[in-house]
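The values are calculated or read from the model by the stated rules, or taken from the named source; none is laboratory data. Values in this document were obtained by computation on a predicted structure and should not be read as measured data. Glycine also receives a Cβ, built like all others from the backbone with ideal geometry; neighbour counts cover every protein chain displayed. What goes into the accessible areas is simple: the full protein's heavy atoms, side chains included, and nothing from ligands, DNA or RNA. Shrake-Rupley method; radii C 1.70, N 1.55, O 1.52, S 1.80 Å.
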Amino acid sequence: MKVLDIILAAATELGIADEVNDYVSGGSENAKADTENLLRAFNLVENELALDYLPLRAEEEVETTTGAIEYSAFSRSAVRILQITDTWGNELEFKLFPDYVKTQCGKVRVCYTYTPTEKTFTDESEFHALVSVRLFAYGIASEFCLVSGRFEEAAIWDKKYKQAIAAAYRAKPVKKISSRRWV
């Protein structure tokens with residue numbers, strides 16, 4: 001999903017799509033503040049979704065001689081380490097420290113959640129599967145209305161946003177454990 005498409009969807013919901021489209025295509029400067037506020041709102045919503053609701057996951061293979069892997073060694077900004085495995089897929093124990101994670105020496109595979117980078121209009125969103133353009137548009141509209149001082153309208157958009165998040169949670173696959181049969 002392109003960031004610009006998501007922002008235009010939010011602008012359509014807010015009734016300012018023509019002004020935003022004019023600004024983005026190099027026309028009028030009248031909508032510059034609104035368009036930049038929409039982009040800021042997009043970054044806030046994407047970050048909120050990744051940290052609070054639908055975490056983004058990444059896996060990387062890292063080689064360590066001391067067993068200490070600095071967080072800066074990851075290609076993305078790690079939030080939570082989920083699992084570390086060795087080259088054969090065996091789960092390894094690890095301990096978290098403020099600047100690094102300590103585990104076994106050698107080549108390991110680290111699975112972690114991360115926070116998305118700040119986007120511009122030409123970038124792609126890091127959410128692809130479970131987050132729809134509509135969900136983003138509701139969240140952006142809510143944030144935009146808060147910044148603009150339209151608090152009652154912001155509350156309405158926030159309610160729609162939370163309902164869309166709940167629907168996205170229900171869409172996630174659920175693992176079922178079959179009941180035991182006792183004879």
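Odds and ends about this structure:
Residue by residue, here is whether (1) modelled with pLDDT of 95 or more; (2) in contact with a Phe, Trp or Tyr (Cβ under 7 Å, 6 or more places away or on another chain) holds:
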site	(1), (2)
Trp88	no, no
Leu92	no, no
Asp99	no, yes
Gln104	no, no
Cys111	yes, no
Lys119	no, yes
Glu124	no, no
His128	no, no
Val131	no, no
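- One residue from Val79, Val45, Val62 being within 22 Å of Val131 (Cβ to Cβ), of a type in the set (A, V, I, L, M) and surrounded by 16 or more Cβ atoms within 10 Å (Cβ to Cβ): Val45
- Summed over region 53-76, residues that are assigned to a loop (DSSP other than H, G, I, E, B) and either within 14 Å of Lys107 (Cα to Cα) or of a type outside the set (Lys, Arg) (or both) total 7.
- Restricting region 106-126 to residues that are in contact with a strand residue (DSSP E or B) (Cβ under 7 Å, 6 or more places away or on another chain) and acidic (Asp, Glu) leaves a set whose member that is most open to solvent (accessible area, probe 1.4 Å) is Glu124.
- Meets criteria (over 19 Å from the mean Cα position of the chain (by Cα), at pLDDT 90 or above, open to solvent by 20 Å² or more (accessible area, probe 1.4 Å) and on the phi < 0 side of the Ramachandran plot) for Arg180: no
- Here Asn37 fulfils each of the conditions (1) in a helix (DSSP H, G or I); (2) modelled with pLDDT under 90 apart from (2).
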